[in-house]
Amino acid sequence: MTSITSVELNYLVFRYLQESGFTHSAFTLGYEAGINKCTIDGNLIPPGALITFVQKGLQYLEMEANMSNNDVEMDEDFSFLQPLDIITKDVNQLRQMIKEKRKNIQKDKDKDKDKNKDKDKNKDREVDREHEAERGRVREKERHEKEEREKERVKAESNKQPEKQPDELADGDMVMDQEDKDAIGHEENGTSIGPEPMDIATTSTQASQEACEIPGSDVTILEGHTSEVCACAWSPTGSLLASGSGDSTARIWTIADGLCKSGAQNSPLNVLVLKHVKGRTNEKSKDVTTLDWNGEGSLLATGSYDGQARIWTTNGELRSTLSKHKGPIFSLKWNKKGDYLLTGSFDKTAIVWDVKAEEWKQQFEFHTGPTLDVDWCNNVSFATSSTDHMIYVCKIGEIRPIKTFAGHQGEVNCVKWDPTGSLLASCSDDITAKIWCTKQDKYVHDLREHSKEIYAIRWSPTGPGTNNPNQQLILASASFDSTVKLWDVELGKLLYSLNGHKDPVYSVAFSPNGEYLASGSLDKSMHIWSLKDGKIVKTYTGNGGIFEVCWNKEGDKLAACFANNTLCVLDFRM
């Protein structure tokens, strides 16, 4: 039987932790086990590989319990099986394989007795068995390649028939509308005020997704990073796009105005490399974990796994290195005025830095677990969240929290203030999102429609205090259950459930005009949804899981960063 190495097992456990939402455990294992140095191609490992591996082991034991009690025959039975057979076939198929092979061997033994053949015959049969297994693997490979060619052919044919797409889209929408009506008809809470929740099923959006796939001519691929790209952000004032990666660098890309050019863009003329370590890269302690532009777009702040925050100019010059944290920085934000930088760290603290003085102003040590997220309410007060299930609202100069929000039963992954700074949204591993108000201790709304951990939340740029004051304020939540949900903030009710993804959704972003929402998932796809009807209007599929999506200030370009070391910039036109 084939054995598994410790490196392979570590990688399977690492992927399991990532996929299950145990982000910090995955970070720790990845760092201590040197996952970044292993030669395993993550793109070849399917989701849920560890679970599959364990299940196959259980099947192995089940077979063992139900087969012959003869230990000699047992060992012989399993010598017939190839690792590929164990992974791809169920118990009954494996039993049948062994039964047939044992019959064949018994026939061969009978012939040997009759003809008294020498030992070389046995060797020949062993070779035959190996050749048979090899031919089986070859056939399996050919079948897989044939399927891939068929997929490419279907995709090519669909690209050649643009005239048919509107009809196909209309058909898909009609199916979706009917299913939506059925879903609404079965809704348990039929007394909700306002719009009924609309459930948009994956099956009913398939035709729409194919019809509105963004063409390659509208996509620019940015290459240069040598490890996964986990963060990206557009400058608020120009055409600069910043990215942060596990390769110990951040990069500032200059994206030309106008339409994107298809293909890769990695000319040294349009990218600045911000190195966080001298010499070799891919040192895991220097991973760039988070980044943020100041309001003027003149300075970029980056947070790193080494616990340091760094401030860079737009020409790539390192202006400041801020050192006080004793663990990785998970979140980092400028205040609106741009005089303070806020960081949250694995060391359980948050620190406000005086940017001009290049020193820390105040350290806030209230949490009992790592600080996962921070967000400014105004220029002097902010919220922090942690693995300790707590949320604290803090103010510069105050030695205790000015508000404590307790109610989550799991790690609080994200906190975000609404555009007016009066409501705070939070999401957690406890499968809920909550909305809080500083005027009361308990949450205002408890949003419980997701079925797995909620990783990210975002407010729409709509309602009072925004550039779109006449539009409804909406909260979006992205979950490991592969859905995005849109919430009526005033009523605390579900507006839409957006079900187009097949794997956990890591990031969501509203367009500046508040009319569209982009979502990025580990299924390698980014969908753009219309907030008018909750349907997909554009979609793009890359070659790696997506960690973050973001819009430029004009709302005509979208960026996404991928696990396969790239970013892409998409033109968005309706």
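For the range 405-444, taking the residues that are among the polar types (S, T, N, Q) and more than 23 Å from Pro464 (Cβ to Cβ), the one that is most open to solvent (accessible area, probe 1.4 Å) is identified as Gln409. For the range 405-429, residues that are under 18 Å from the mean Cα position of the chain (by Cα) and not in a strand (DSSP E or B) total 2. Going through the range 347-367 one residue at a time, which ones are more than 27 Å from the chain's Cα centre (by Cα) and among the polar types (S, T, N, Q)? Gln362, Gln363, listed by residue number. Looking only at the range 95-123, filter to residues that are surrounded by 10 or more Cβ atoms within 10 Å (Cβ to Cβ) and at pLDDT below 65; which one of those is farthest from Gly57 (Cα to Cα)? Top of the filtered list is Lys117.
Annotation: of all residues in the range 476-498 being polar (S, T, N, Q) and surrounded by fewer than 24 Cβ atoms within 10 Å (Cβ to Cβ), the one that is nearest to the chain's Cα centre (by Cα) is Ser482.
Tell me the residue from Phe382, Phe366 that is of a type in the set (Phe, Trp, Tyr), crowded, with 23+ Cβ neighbours inside 10 Å and either under 30 Å from Trp312 (Cα atoms) or in contact (Cβ under 8 Å) with a residue 24 or more places away in the chain (or both), please. After applying the criteria, what remains is Phe382. Within the range 285-343, the set of residues being farther than 17 Å from Ala231 by Cα and of a type in the set (D, E, K, R) comprises Glu296, Glu317, Arg319, Lys324, Lys326, Lys336, Lys337, Asp339.
Mind checking which helices (runs of 4 or more DSSP H) fall wholly inside the range 1-94 and carry at least 3 residues that are out of contact with any strand residue (DSSP E or B) (no Cβ under 8 Å at 6 or more places or on another chain) and modelled with pLDDT of 75 or more? Full working, then the answer.
On the way: elements: 6-19, 23-32, 49-66, 71-79, 83-88.
Filter on the range 1-94 gives 6-19, 23-32, 49-66.
Each row is one residue, and each column tells you yes or no for (1) in contact with an Asp or Glu (Cβ under 9 Å, 6 or more places away or on another chain); (2) at pLDDT 90 or above; (3) surrounded by 13 or more Cβ atoms within 10 Å (Cβ to Cβ); (4) part of a loop (DSSP other than H, G, I, E, B).
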site: Leu241; (1), (2), (3), (4): no, yes, yes, no
site: Gly244; (1), (2), (3), (4): yes, yes, yes, no
site: Trp253; (1), (2), (3), (4): no, yes, yes, no
site: Lys261; (1), (2), (3), (4): no, no, yes, yes
site: Val273; (1), (2), (3), (4): no, yes, yes, no
site: Val277; (1), (2), (3), (4): yes, no, yes, yes
site: Thr281; (1), (2), (3), (4): yes, no, yes, yes
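Remark: Glu453 matches the filter, which requires a residue to be closer than 24 Å to Ala560 by Cα and not β-branched (Val, Ile, Thr). Could you tell me whether any residue of the range 344-359 is aromatic (Phe, Trp, Tyr) and open to solvent by less than 10 Å² (accessible area, probe 1.4 Å)? Yes; the residues of the range 344-359 include at least one that is aromatic (Phe, Trp, Tyr) and open to solvent by less than 10 Å² (accessible area, probe 1.4 Å). Tell me, yes or no, whether the range 439-453 has at least one residue that is of a type in the set (A, V, I, L, M, F, W, C) and under 19 Å from Leu494 (Cα atoms). Within the range 439-453 (the criterion being of a type in the set (A, V, I, L, M, F, W, C) and under 19 Å from Leu494 (Cα atoms)), the answer is yes, since at least one residue qualifies. Scanning for something of a type in the set (Gly, Ala, Ser), in contact with a Cys (Cβ under 7 Å, 6 or more places away or on another chain) and within 26 Å of Pro236 (Cα to Cα), does the range 370-383 turn up at least one residue? So far as the range 370-383 goes, yes, one or more of its residues are of a type in the set (Gly, Ala, Ser), in contact with a Cys (Cβ under 7 Å, 6 or more places away or on another chain) and within 26 Å of Pro236 (Cα to Cα). Within the range 304-321, the residues that satisfy the criterion of being free of Cβ contacts under 8 Å to residues at least 60 places away in the same chain, under 28 Å from the mean Cα position of the chain (by Cα) and open to solvent by 20 Å² or more (accessible area, probe 1.4 Å) are Asp306, Gln308.
Here is a yes/no grid of residues against (1) farther than 25 Å from Thr466 by Cβ; (2) surrounded by fewer than 23 Cβ atoms within 10 Å (Cβ to Cβ); (3) in contact with a Pro (Cβ under 9 Å, 6 or more places away or on another chain):
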{"residue": "Gly500", "(1), (2), (3)": "yes, no, no"}
{"residue": "Ala518", "(1), (2), (3)": "no, no, no"}
{"residue": "Leu522", "(1), (2), (3)": "yes, yes, yes"}
{"residue": "Met526", "(1), (2), (3)": "no, no, no"}
{"residue": "Lys535", "(1), (2), (3)": "no, no, no"}
{"residue": "Ile546", "(1), (2), (3)": "yes, no, no"}
{"residue": "Cys550", "(1), (2), (3)": "no, yes, no"}
{"residue": "Asp556", "(1), (2), (3)": "no, yes, no"}
{"residue": "Phe572", "(1), (2), (3)": "no, yes, no"}
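For the range 445-457, state whether one or more residues are out of contact with any Ser or Thr (no Cβ under 7 Å at 6 or more places or on another chain) and among the hydrophobic types (A, V, I, L, M, F, W, C). No, the range 445-457 contains no residue that is out of contact with any Ser or Thr (no Cβ under 7 Å at 6 or more places or on another chain) and among the hydrophobic types (A, V, I, L, M, F, W, C). Filtered by the rule that a residue be out of contact with any strand residue (DSSP E or B) (no Cβ under 6 Å at 6 or more places or on another chain) and open to solvent by less than 10 Å² (accessible area, probe 1.4 Å), the range 502-516 gives a lone residue, Gly514.
Taking the range 445-457 as the range and being out of contact with any Leu (no Cβ under 7 Å at 6 or more places or on another chain), surrounded by fewer than 20 Cβ atoms within 10 Å (Cβ to Cβ) and not hydroxyl-bearing (Ser, Thr, Tyr) as the test, the residues that pass are Asp446, Arg448, Lys452.
Can you pull out the residues in the range 1-22 that are closer than 16 Å to Phe330 by Cα and in contact (Cβ under 8 Å) with a residue 60 or more places away in the chain? Talk me through it step by step, then tell me what you get.
First pass over the range 1-22, keeping only residues closer than 16 Å to Phe330 by Cα: 18, 21-22.
Result: Gly21, single match.
Taking every residue in the range 452-469 that is more than 27 Å from Ile431 (Cβ to Cβ) and pairing it with any residue that is among the hydroxyl-bearing types (Ser, Thr, Tyr) and modelled with pLDDT of 95 or more, at least 6 positions away or on another chain, yields no pair with a Cβ-Cβ distance below 6 Å. Filter the range 194-239 down to the residues that are in contact with a Lys or Arg (Cβ under 7 Å, 6 or more places away or on another chain), outside any helix (DSSP H, G or I), at pLDDT 50 or above and more than 30 Å from Leu332 (Cβ to Cβ) and list them by number. Correct list: Cys212, Ile214. For the range 308-327, a tally of residues being touching a strand residue (DSSP E or B) at 6+ places or on another chain (Cβ under 6 Å) and assigned to a loop (DSSP other than H, G, I, E, B) returns 4.
The values are calculated or read from the model by the stated rules, or taken from the named source; none is laboratory data. Fair warning: this is a prediction, and the values are worked out from it, not measured in the lab. FYI the Cβ positions are ideal-geometry reconstructions off the backbone, even for glycines, and counts take in every protein chain you see. All accessible areas refer to the heavy atoms of the entire protein, side chains included, with ligands and DNA or RNA removed. Shrake-Rupley method; radii C 1.70, N 1.55, O 1.52, S 1.80 Å.
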